[in-house]
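Accompanying notes for the structure given below.
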Amino acid sequence: DTAVSQTPKYLVTQMGNDKSIKCEQNLGHDTMYWYKQDSKKFLKIMFSYNNKELIINETVPNRFSPKSPDKAHLNLHINSLELGDSAVYFCASGLGITGELFFGEGSRLTVL
Amino acid sequence: AQSVTQPDIHITVSEGASLELRCNYSYGATPYLFWYVQSPGQGLQLLLKYFSGDTLVQGIKGFEAEFKRSQSSFNLRKPSVHWSDAAEYFCAVGGLTSGGYNKLIFGAGTRLAVHP
């Protein structure tokens, strides 16, 4: 069983479009995260939810809107996509106490 | 603010040689420290972690790391590298947000290439 799963794995779209990435975890963790990995492999946290409540919101354009319908799911919706949004987006879950995270396989977004 | 520095962007070793990847962190209290590995096209897999206690921690795939508070370092080591170890390695520190939650702050990563 996949612990943290994301869909889609690949996403190619045009500038200006709106797209969503979905994430689900079956580890029973309370906390879920979105990280962005740029072309230089640098990983930066974007958002975190704890039991459906937003607890971390880094400096991210408001075109990005996370949603957590329950503690096992965390989705990321991106409006008006720009070229600079091209990256790999990783979902992760964790216990929230020690910071140890379990990652999904990533969703590679390419904006043309 | 918490930060992690991995001084080596790219390292190449021969198969069977020993390996040490450097990591330095900045954190006000006792940190939670991690090493993750990312194979091409894959997500991140936890290699090992340090929370407290013995400063030499063992991980998966024959890796170990040593926490040295005096040097603010958490270097990753392996005595004999295998070709399958070629990947990107990330050091990370668990840091508290203002709300009391933990978040992982990653270093820029070290790309390991292994020569046969």
Original post:
Who wins for biggest fluctuation among B:Gly16, B:Gly62, B:Gly43 in a Gaussian network model of chain B, springs between alpha carbons below 10 Å?
Top reply: B:Gly43
Original post:
Can you give the relative contact order of chain A as a percent, counting alpha carbon pairs under 8 Å and 6+ residues apart?
Top reply: 37
**OP:** In debye, nearest 20, what is the charge dipole magnitude of segment B:3-115 about its Cα centre with +1 on Lys and Arg Cβ and -1 on Asp and Glu Cβ, if you could check?
**Re:** 240
Subject >> Taking only Cα atoms of the protein assembly as shown, radius of gyration then Dmax in Å >> reply: 17.6, 52
Original post:
How big is Rg to Rh over segment B:3-115, alpha-carbon atoms, Rh as the Kirkwood inverse-mean-distance radius?
Top reply: 0.97
Subject >> Virtual spin-label span in nm between A:His77 and B:Gln42, 7 Å along Cα→Cβ >> reply: 3.5
Original post:
Any idea how far apart A:Ser39 and A:Leu95 come out in nm if each label point goes 7 Å out from Cα toward Cβ?
Top reply: 4.0
**OP:** Please find, in a Gaussian network model of chain B (springs between Cα atoms separated by less than 10 Å), the residue of B:Phe67, B:Phe51, B:Phe34 whose mean-square fluctuation is greatest.
**Re:** B:Phe51
Original post:
How many percent of DSSP beta bridges within chain B run antiparallel, rounded to 5?
Top reply: 90
**OP:** Round to a whole angstrom and tell me the spacing of the C-alpha centers of segment B:1-78 and segment A:42-112.
**Re:** 24
**OP:** Compute the normalised compactness of chain A: alpha-carbon radius of gyration over 2.2 N^0.38 Å, N being the residue count.
**Re:** 0.99
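Read-outs: derived from the displayed coordinates by stated rules, not from any lab. Treat the numbers as computed from the prediction; the structure is a model and nothing was measured. In this analysis, Cβ positions are derived from the backbone assuming ideal geometry, glycine residues included, and neighbour counts consider all displayed protein chains.
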